[in-house]
Amino acid sequence: MNLKEAIQVAEENARQRELSTESFINLHEVEEQERKANEQGYGLYKIKPANKAGFLQIIKENTESLVKSKYLSSAEMGFLFSLSPLIEMHSNAITDGSGGALSVSDIAKYLDRDLSGTSRMVNGLLDKGILFEVNHSSKKVSRTTTKRTLCVNPEIIYCGDRNKINATLCRIVIQQDVLERKKIHLDWKIWLKSGHENGALYKRKTYMQLKKQSKN
């Protein structure tokens with residue numbers, strides 16, 4: 001058997017395996033339906049497996065605002081970027097990958113950084129409204145070792161659909177809007193419309209209108 005014949009045999013075997021995994025489908029019928037669909041200007045296609053690569057959305061215009069206003073130092077920007085692999089889908093929480101909250105010491109260990117320096121960086125980003133702290137313990141324990149729920153401001157980086165942002169996360173951002181209070185007027189702002197299950201990012205003009213309407 002020459003190379004060409006071997007390739008043909010391999011391709012036929014692969015097709016047979018594909019047919020066996022799809023034995024519940026009448027492929028001849030599908031082909032006939034495809035032909036009819038094509039005649040009417042439609043097309044049929046095989047659905048491919050979804051791409052499972054993780055992703056984050058960096059809100060470009062808002063990040064540009066932070067850079068131009070020099071609101072964050074280069075070190076803070078670098079630290080924020082280094083946290084990106086830890087950001088959980090939809091909640092934007094900094095977790096261990098299985099939903100478990102991380103302490104500052106956990107973060108320092110993950111980043112291979114000095115604990116005291118990591119603590120200062122986290123607290124600085126909390127003060128600036130780039131990070132938020134959710135439901136932290138009121139007990140008098142070390143904040144560097146307590147597993148607090150920290151989340152990244154989704155107006156800067158969001159892990160998920162920017163038009164379907166977790167409602168709880170939206171409320172936190174709206175209630176604790178440090179950036180707005182410090183007159184850092186981002187181009188895209190989060191808002192949660194009354195009665196909606198999810199919030200979204202809106203252009204600033206629309207955001208201001210929604211905010212005004214909520215007060216009326």
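Taken together, the values in this text are just the output of simple stated rules run on the coordinates, not laboratory data. Worth saying up front: this structure is predicted, and the values here are computed from it rather than measured. Neighbour counts are summed over all protein chains in view; Cβ atoms, including those assigned to glycine, are modelled from backbone coordinates with ideal geometry.
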Next on the checklist: About the Cα centre, and with charges only on the beta carbon of Lys, Arg (+1) and Asp, Glu (-1), how big is the dipole of the range 78-216? Nearest 20 debye, please.
Outcome noted: 720 debye
Checklist outcome for this item: Summed over the other residues with a beta carbon less than 14 angstrom from that of THR168, with K and R at +1 and D and E at -1, the charge totals -1
Item to check | Protection proxy ranking, peptides 117-130, 95-108, average beta carbon neighbours within 10 Å, highest first | outcome: 117-130, 95-108
